[in-house]
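The values are calculated or read from the model by the stated rules, or taken from the named source; none is laboratory data. Note that this is a predicted model, so its numbers are computed, not measured. Note that each Cβ is placed from the backbone with ideal geometry, even for glycine, and that neighbours are counted across all protein chains shown.
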Amino acid sequence: MALIEIEHLSHAYPMGEGGQHVALEDVSLAIEAGEFVAVLGSNGSGKSTLAKHLDALLLPTNGTCRIDGMDTKNADQVWRIRQKVGMVFQNPDNQLIAAVVEDDVAFGPENLGVKPCEIRQRVDEALAAVGMTKFRTFAPHLLSGGQKQRIAIAGALAMQTECLVFDEATAMLDPEGRAEILSIVKKLHDEQHITIVYITHFMEEAAAADRVIVLDHGRLAMDGTPREVFARADELQELGLDVPLSVELGAKLRNDGLAIPQEIVTEDDLVQALASLVPSHQRNAANDERRAGVQRSMNEKSDAKGGVPVAD
Ligand SMILES: Nc1ncnc2c1ncn2[C@@H]1O[C@H](COP(=O)(O)OP(=O)(O)OP(=O)(O)O)[C@@H](O)[C@H]1O
Ligand SMILES: [Mg+2]
C-alpha cells in the first residue's frame, strides 16, 4: 500500500449562482513512503488544490484520497492524517504563531497531549534537524524568511510527521534562503526517509527530486523521473513551463555539435559531461598544474612561518 493513494480525484470549487470551477479532474496517483516528488504546473493548474487534499484541508468532490490507508473523507481520522502529513506554505509570516521559536515548535505536540519531557526532546530534535537550535529562544519576527520556514518545518517534524508537503515554500525567499530550504529537504529525505511532496516554480529545485509530476488544467500531464520529464522540453514549454538551465544549456551545446548526452538534468551532470570532453592528457596536465600551484603556495606559507610546513 502506497503512503498516498489518489484515485480518480476531482475537485470542484463552488462558484456563485450554483456554478462550479473544476480545479482537479480525474487525477490518479500513488506516492510511496520515502519518495521525493516535485509537482510542477503553471499558475492555476491545481497544485495547491492537490496539496490541500493530502492534509484533508479539502475533500474530493469525486474519487478518493487515502493517506496510509485512511480515507480523508473519514472525519474520525482527520487528526491522524494531519499528524502524518505536515504542510509548509509559501508565506513565512503566516505560519508561526507563538512569540518564541521553541514554543512554536512545541505547539503541535502540546495540542496532541504529548508529555512535557517528550515534547522537550521532540523540540530539541526538530530544531537540530533544521539547524536552528541556537535560535530556540528568539522571537520569530527577528528571523529571516528562510529561518522562519525552517521553524515551520521543525513544527511539522515535532509532530513526527511522515510526509512533508511544501507548497511553494521557497517562493518568497532570496536565493540563499531557497538553497537552505532545499538542502534541508534533501537531508530530511535522505537521512530520515521522510516522504516529500514539493510544489515549486523553480525547475532547478524539481531537478533534485526522484520523480516529477506535471499538472495542466487540473489533469495529470506528466509523471516520471526528472530526466524523463525534462527531456520533453517542447511539451513543457507548451504548458508554460521551462526546463532547468543546465538542461537548456546542454541542449544548446549539443546543437552546436558537442557530445553532450541527452540525460543532463543537474548542474553536476553538465559539469561532468563537459569534463569528460576534455582529453585525459589535458585534464592530467591541468591537475598537475593545480597541484603545483597548491604546493607553491604551501611552500610560500611555510617560508613565511620560518620553515614549518602548513596546510590550508
Ligand atoms: N477557493 C476557490 N474558489 C474558487 N476557485 C478556486 C479556489 N481556489 C482555487 N481556485 C481555482 O482553482 C484553480 C486551481 O487553483 P490552485 O490554487 O490549486 O492552482 P495552483 O496550481 O496552486 O496555482 P499557483 O501556481 O498560482 O499557486 C485555479 O483556476 C483557481 O483560480
Ligand atoms: Mg498554488
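Miscellaneous remarks
- The number of residues in segment 156-214 being among the basic types (K, R) and either closer than 20 Å to L236 by Cα or crowded, with 21+ Cβ neighbours inside 10 Å (or both) comes to 2.
Yes/no matrix, rows are residues, columns are (1) over 26 Å from F202 (Cα atoms); (2) surrounded by 18 or more Cβ atoms within 10 Å (Cβ to Cβ):
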site: V27; (1), (2): no, yes
site: F36; (1), (2): no, yes
site: A51; (1), (2): no, yes
site: L54; (1), (2): no, yes
site: L57; (1), (2): no, no
site: N62; (1), (2): yes, no
site: M70; (1), (2): yes, no
site: Q95; (1), (2): no, yes
site: V101; (1), (2): yes, yes
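- Unmet requirement for I213, which otherwise passes all of (1) away from ligand 2 (no atom under 16 Å from the Cβ); (2) in a strand (DSSP E or B): (1)
- Residues that are in a helix (DSSP H, G or I) and closer than 12 Å to M203 by Cβ, drawn from segment 236-263: L236, Q237, L245, S246, V247, E248
- Within segment 32-47, residues that are free of Cβ contacts under 8 Å to residues at least 60 places away in the same chain reach no partner that is within 9 Å of ligand 1 (Cβ to nearest atom) with beta carbons closer than 6 Å at six or more positions or on different chains.
- Flag for D93 being more than 16 Å from ligand 2 (Cβ to nearest atom), part of a helix (DSSP H, G or I), acidic (D, E) and without any contact (Cβ under 8 Å) to a residue 12 or more places away in the chain: no
- In segment 103-124, of all residues being surrounded by fewer than 16 Cβ atoms within 10 Å (Cβ to Cβ) and among the charged types (D, E, K, R), the one that is farthest from the chain's Cα centre (by Cα) corresponds to K115.
- Being at negative phi and within 11 Å of the chain's Cα centre (by Cα) is a description that applies to V197.
- Annotation for segment 12-24: no member residue is within 19 Å of the chain's Cα centre (by Cα) and buried (at least 16 other Cβ atoms within 10 Å of the Cβ).
- Residue match in segment 42-54 (condition: away from ligand 2 (no atom under 16 Å from the Cβ), in the same structural domain as L143 (by TED's automatic domain parsing) and of a type in the set (V, I, T)): no
- Candidate set: segment 32-54, residues that are more than 8 Å from ligand 1 (Cβ to nearest atom) and of a type in the set (V, I, T); chosen: the one farthest from D190 (Cα to Cα): V39
- Hits in segment 226-260 - residues which are among the hydrophobic types (A, V, I, L, M, F, W, C) and either within 16 Å of I213 (Cα to Cα) or surrounded by 21 or more Cβ atoms within 10 Å (Cβ to Cβ) (or both): V229, F230, A231, A233, L236, L239, L241, V243, V247, I260
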